[in-house]
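Bear in mind that the values in this text are calculations on the coordinates, not laboratory data. These numbers come from a predicted model, not from an experiment. Methodologically, a virtual Cβ is constructed for each residue, glycine included, from the backbone with ideal geometry; neighbour enumeration extends over all protein chains shown.
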Amino acid sequence: MRKPLFLLAAWTLLSFGAGMAEASDISVRVADPEMPGAWKPVTVQREGTMTSENLPSPFLTVHAGENQALNSVFLVADAEGPQAVHVGSRITLTLPVGVEYMQIPTAETLDSYVAYPSMLNWFANSIFPEGDQPALRFVAATPRSLTVEIAHMRSKGMPFVEFVFYAKDRSMVRISPAVSWSQKKGDGADTMTRQEFFTYYIDVAPSLKGIEERVKGEESDLLRPFGDAQKVEPELRGRVAGLVKENLVIGRPGKQLAPDAPITRAEAVTLVTREQQWDTPASPAFADLETSWALGPISAAGAKGLVKGYPDGAFCPEQPLSWEEAVLLLGRVYDSNLSRRK
């Protein structure tokens with residue numbers, strides 16, 4: 001069954017649950033790249049309303065795994081005024097970290113990903129094909145996004161667009177455990193702890209999948225050298241122990257794991273660089289790395305375009321990584337791995 005997407009502002013939400021099966025919200029971003037706010041979610045009236053399409057049931061279930069169907073995302077824009085869309089206007093849908101199309105959309109397969117209902121809630125759709133002129137045109141796509149532009153409009157009606165997720169092996173989606181944490185919104189000051197970052201990194205690194213199973217029965221021995229190993233959350237011990245065994249986590253001075261401490265920018269990037277096995281470039285990537293213990297790993301990540309410094313050219317390696325920065329970094333790693341896999 002398809003899962004409903006509840007629309008809020010420029011985001012659409014779907015319910016997803018505990019243990020990667022059902023509860024919490026997943027946000028799907030939709031926006032006009034050149035005119036933010038132009039497209040708005042529209043609630044489709046299901047009773048007593050003229051609609052040209054057959055609408056699915058709103059009571060659906062989605063799980064982690066492949067070929068998961070979601071309900072359509074219906075959007076409407078102004079037909080007149082400063083925010084009115086026109087031929088050439090674009091709209092981009094972006095899926096969250098942890099959710100990806102089964103197949104990257106192309107111009108040839110576009111009909112499996114986006115549609116233009118001829119009528120919705122008693123209004124005719126002004127986005128409509130004519131002759132050999134399509135209604136919508138493919139612009140670009142990635143495993144997690146699709147951009148289309150309006151190719152033809154008629155003078156009457158309201159502009160509607162429908163993003164669909166029900167074509168098997170195409171617009172259906174693959175959902176990974178990463179979606180459970182990628183949706184949390186911090187307030188700018190929130191940080192991510194070391195053990196949170198460790199375990200979330202495993203979610204986006206294919207080579208580390210199932211790492212806790214590889215060390216089953218060895219957790220206590222692997223964590224014993226650390227004086228504060230008892231602070232690791234019980235459900236995360238296998239994952240942290242796996243990273244220790246792979247020499248991806250070596251602890252802080254004094255043999256401390258510091259699992260509840262905020263992870264620093266240097267520590268997070270070093271874990272990524274070690275796992276990716278990137279070579280250290282000849283020169284520092286940022287102005288304040290000359291005396292940093294993480295000069296090599298940060299410079300390697302900078303050379304790969306994975307991290308960026310601040311406007312003054314500094315990286316601030318010992319500054320705690322904010323939640324938003326952590327999710328951005330993990331998202332870049334996730335997308336990088338997707339690009340290599342496709």
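Below are the figures for this structure:
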quantity: From phi via Karplus (6.51, -1.76, 1.60), per-residue ³J(HN,Hα) for segment 315-331 in Hz, x at Gly/Pro; calculated: 10, 6, x, 8, 6, x, 7, 6, 4, 4, 5, 5, 5, 5, 4, 5, x
quantity: Net charge contributed by nearby residues that have their C-beta within less than 14 Å of PRO33 (K/R +1, D/E -1); calculated: -1
quantity: Three semi-axes of the equivalent ellipsoid, segment 147-299, Cα gyration tensor, whole Å, largest first; calculated: 39, 22, 16
quantity: Chain lengthening between THR94 and THR109 when straightened (0.36 nm per residue, less Cα-Cα); calculated: 3.6 nm
quantity: Sorted largest first, extent of segment 162-252 alpha carbons per principal axis (Å); calculated: 55, 35, 20
quantity: Among 92-102, 152-162, 238-248, the order from most to least packed when residues are scored by Cβ within 10 Å on average; calculated: 92-102, 238-248, 152-162
quantity: Inter-label distance for HIS86 and ALA151, nm, one decimal - labels placed 7 Å from Cα along Cα-to-Cβ; calculated: 2.1 nm
quantity: Sequence of TRP122, TRP293 once ranked by neighbouring C-beta atoms within 10 Å, starting from the fewest; calculated: TRP122, TRP293
quantity: Equivalent ellipsoid semi-axes - Cα gyration tensor, segment 62-168, angstrom; calculated: 25, 14, 13
quantity: Translational diffusion of segment 232-342, µm² s⁻¹ [Kirkwood Rh, Cα pairs; Stokes-Einstein; 4 °C; 1.567 mPa s]; calculated: 87 µm²/s
quantity: Estimated vicinal HN-Hα couplings, Hz - segment 157-166 in sequence order (Karplus 6.51, -1.76, 1.60; Gly, Pro = x); calculated: x, 10, x, 10, 9, 10, 8, 10, 9, 10
quantity: Shape call, segment 106-221: gyration tensor on alpha carbons, a/c limit 1.5; calculated: prolate
quantity: Highest-first arrangement of 64-70, 172-178, where packing means the average Cβ count within 10 Å; calculated: 172-178, 64-70
quantity: Residue-by-residue Karplus 3J(HN,Hα) for segment 120-133, coefficients 6.51, -1.76, 1.60, Hz, glycine and proline x; calculated: 8, 6, 6, 9, 6, 8, 7, 7, 7, x, 8, x, 8, 8
quantity: Virtual paramagnetic centre 7 Å along Cα→Cβ of VAL139, amide N under 17 Å, in segment 69-97; calculated: 75-78, 83-95
quantity: Long-range HN-HN contacts of HIS152 with modeled amide H, under 5 Å; calculated: PHE128
quantity: Inter-label distance, nm, simple model (7 Å from Cα along the C-beta direction), SER207/GLN277; calculated: 0.5 nm
quantity: Projected label distance in nm at GLU233 and ARG252, using a 7 Å step from Cα toward the beta-carbon; calculated: 1.9 nm
quantity: Net charge, LEU110 excluded, C-beta distance under 12 Å - Lys, Arg +1, Asp, Glu -1; calculated: -1
quantity: Alpha-carbon spread of segment 280-342, three principal axes, descending order, Å; calculated: 38, 28, 21
quantity: Charge dipole of segment 77-174 about the Cα centre (unit charges at C-beta), most positive-ward option of ALA84, THR109, VAL97; calculated: VAL97
quantity: Order of THR291, THR142 - criterion: other Cβ atoms within 10 Å of each residue's Cβ, fewest first; calculated: THR291, THR142
